[in-house]
Structures are given as structure tokens and as C-alpha cells.
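Here the structure is laid out as C-alpha cells; the discussion comes afterwards.
The values are calculated or read from the model by the stated rules, or taken from the named source; none is laboratory data. Because the structure is predicted, anything quoted here is derived from the model rather than measured. No Cβ is skipped: glycine too gets one built from the backbone with ideal geometry, and neighbour counts run over all protein chains shown. Accessible surface is based on the protein model in full, side chains and every heavy atom, while ligands, DNA and RNA are left aside. Shrake-Rupley method; radii C 1.70, N 1.55, O 1.52, S 1.80 Å.
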Amino acid sequence: MRAAVFHDAHDIRIEEVDAPKEVGPGEVLVRPFWCGICGTDLHEYAAGPIVIPTHAHPLTGASAPQILGHEFSAEVVEVGAGVRNVVVGQRVSVMPIISCGECYFCRRGLGHLCTRMACVGLSFAWGGIAELAVVPATQVYALPDELTDIQGALVEPTAVAAYGVDTAGVRPGDTVLITGAGPIGALASIYASSIGARVFVSEVNPVRAALARSLDVGEVLDPSSIDVVGYLRDVTGGIGVDSVVECSGNERALQAAFGAVRAAGTITQTGLHTRPASIDPMQVSLREITYNGTWCYPLTDWPRVIDLIARRGLAVERVVTAEIGVADLVEKGFDMLLNPSGNEVKVLVNAR
């Protein structure tokens, strides 16, 4: 069968691999529909292997070469013995994180911080950019009729964004700054707006800023042309915003977050910083700022996020800027997303 396989930095190949030969107890064979290209995938392509193991992973035994894809929707083709949560023919979204269930964090309900955590499409035998994949049944969630296959592929990044907003304590009527309008920032703005918050998005990239404006969920600010911190203090009567969700992984944006948030406000760090960034710890104390980090999402959040998209009509599909075929994965996907002058923000791959 055809699959997208990571071999090394700048070496992703569309090649024929052996199809799954059997479906074991507690497993599900799925046929992927759509799969998103994530920032983690881009890091692997640009400078990897980073997360992708080069030796047998301690939990799954997987190692490069690795079939890619961890943000995907699919159809159930076969179920193993004992599987009761899904049936053949159902459309599903796959929660990709695999936890050991035994370590300190797993036993306290914090499986996303598992000391041996693995991930479908990064450190597991299978991934979503393939014609077929076998995954644990506990990670497969049925999609209601209201959700499209594309929305099903966006449950994973939406869960990341929602966790960032939730951790920032955003409530109806709050003012919230979202720094960075990449896929996670855009989804965070949709989610925060649906809660009833007044949303401000700071984004210097014109393509991403245009996407944020098209969502019509808040005011988009260009930090290269205005003083974002000063502007937000003006519109909040000198107080500052109630919370900030930092989605850019950029040091200047992080410093703006501390400048813009009010005393006793909350900043959540959702974007991943690939290098150290400085903050003024005196401000944390003097203004009693709460600064949180987030890592992916609670592993139990899939049903809630699926329900939010379906019942509350979150238009998460509007963050998608391109839909491509597997053959175009590198040129129109990875290379385009890594190009500073590229015009794509969120690319989905048709795995069929």
C-alpha cells in the first residue's frame, strides 16, 4: 500500500509499504480520509529526527523510517476481538497519543505527560498518511453525522487550541489576546470566541493575519505597525486583557503577552519555543501573573471536542487553506509551509 514515510531530515518518500497483516484484540483497522500536516511534522522534516525515534521506542518499539500523520479522520475497516466502541463502516477521529497507563503521571490521569508517551504517526508502527493503519480501539472515536471528514481531521489541533484557552481560564465576557495566527492560534480564536470572549489576535505575517480576519471572530492586530500592548491597554481602560494564549513560540510575542495581560491575569504558553526566551520574573510577582505551559491535551478530551464542533457549530474547517493529494505532500505541503513567503497556513492531505 502507499504511505508517506519519513526517513531523515528533508527526506520524506511516498512509497509502497506492506499493508497490515492482522488486527489484534483491542485494535482497529482504519482507512484514513484526511490528515493534517502539523508543526511537529514540519520540525521533523526541517531538522529531524527529533521526536521520531532512531532506536526502538520504549513503549511501542517503533523507529525510523516512520509512516507520518497524527491528525486524521478515517473509516473503520475491521475491528479486533473485544472491540465494542466502534463498528465497521463508522467514520472516526483518531486520538494519536499512546500512554503506558503505569507511570506516575498516567496513574494520576495525566496520560499526556506519560514518561514513555508515544504517538501514532511519529513513534508508532502506523500513521494517518497511508491507505490503511492499525490503531488501538481506545484511541478511536466515532464522528456524528454533523461532522465532515475534514472536521474530523481537525479534532486533534482543535483539542490543542481548546486546552490552551481552557488553561488560560477564559470565560464569557473576558478579553483575551491570542499571539500568533497559525493553525493553533486560529483555532484558539474560534474556540475563545465561541465561549463568549472578546478576542484580539496579534499576527505579523500578512497571510496568517488575512486568515484570522476571514474567521470574523475578533480584532486582528499587526505588531509591526502598532503598539499592541499600548493599544490593548487603551481599549481596556488601562487595565490589560484578562488572559493571553501565546501560540507563536516567538520571544517578542511572549514579552508582549506579559505586557498586555492585566494584574492577576493568566498567560498560557501553547506555542512551542525551540530556543530559550526571556521574561521579567519581577513582573510575575509584582502583578501576580499566572504563567502556565500546556502540552497537547488531556487524553479524555476527544468526545468533548467532537461535541463542541458538532453541537456548537465551530467552523474549524475555515482554518484549512489547502487540500492536497499524497503525491504533492512534499512540494505543496511541507515545502510550502516552511517557505517564509508561502501562502498556506493549514494543509490537509487526502490519504485516499
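Worth a mention:
- Overall dimensions of region 1-146 by Cα: Rg and Dmax, Å: 14.9, 42
- With the highest mean first, a sort of the peptides 172-179, 224-231, 300-307 on other beta-carbon atoms found within 10 angstrom per residue produces 172-179, 300-307, 224-231.
- Volume per residue for the chain equals 131 cubic angstrom (convex hull of Cα atoms).
- Gaussian network model of the chain, springs between alpha carbon atoms under 10 Å - residue of Glu131, Glu71, Glu16 with greatest fluctuation: Glu16
- Comparing Arg287, Arg116, Arg213 in a Gaussian network model of the chain where C-alpha atoms under 10 Å apart are linked, the largest mean-square fluctuation is found at Arg287.
- Tail beyond 13 Å, pair distance distribution of region 221-275 (Cα, percent): 57 percent
- Hz values of 3J(HN,Hα) by residue in region 157-168 - Karplus curve (6.51, -1.76, 1.60), Gly and Pro given as x: x, 5, 5, 4, 5, 4, 4, x, 5, 5, 5, 6
- Helix 183-195 axis, angle to the chain major axis (alpha carbon atoms, nearest 10°): 70 degrees
- The percentage of C-alpha pairs in region 240-352 whose separation is greater than 25 Å is 46%.
- Computed extension length for Glu102-Ile239: 44.8 nm, one decimal, from 0.36 nm per residue of separation with the Cα-Cα distance subtracted.
- What separates the Cα centres of region 251-269 and region 172-236 is a distance of 14 Å.
- Between Arg287 and Arg252, the contour length at 0.36 nm per residue exceeds the alpha carbon distance by 10.6 nm.
- Electrostatic tally near Arg312: other residues with Cβ closer than 12 Å to its Cβ, Lys and Arg +1, Asp and Glu -1, net 0.
- 3J(HN,Hα) from dihedral phi, region 24-39, Karplus parametrisation 6.51/-1.76/1.60, rounded to Hz, x for glycine, proline: x, x, x, 10, 9, 8, 10, 10, x, 9, 10, 9, x, 8, 9, x
- Radius ratio Rg over Rh of region 142-206, counting only Cα atoms, Kirkwood formula for Rh: 1.02
- For region 108-162: rounded, prolate or oblate by the Cα gyration tensor [a/c cutoff 1.5]: oblate
- Accessible carbon and sulfur surface of the chain relative to its total accessible area, %, 1.4 Å: 51 percent
- Region 309-350: C-alpha gyration tensor shape, a/c 1.5 cut-off, then a/b vs b/c: oblate
- Charge sum, other residues only, whose C-beta stays under 13 Å from His7's C-beta, Lys/Arg counted +1 and Asp/Glu -1: -3
- The convex hull of the Cα atoms of region 1-76, projected and averaged over all directions, covers 5.6 nm².
- Calculated accessible area for the chain comes out at 42 Å² per residue, all protein chains present (probe 1.4 Å; ligands, DNA, RNA ignored).
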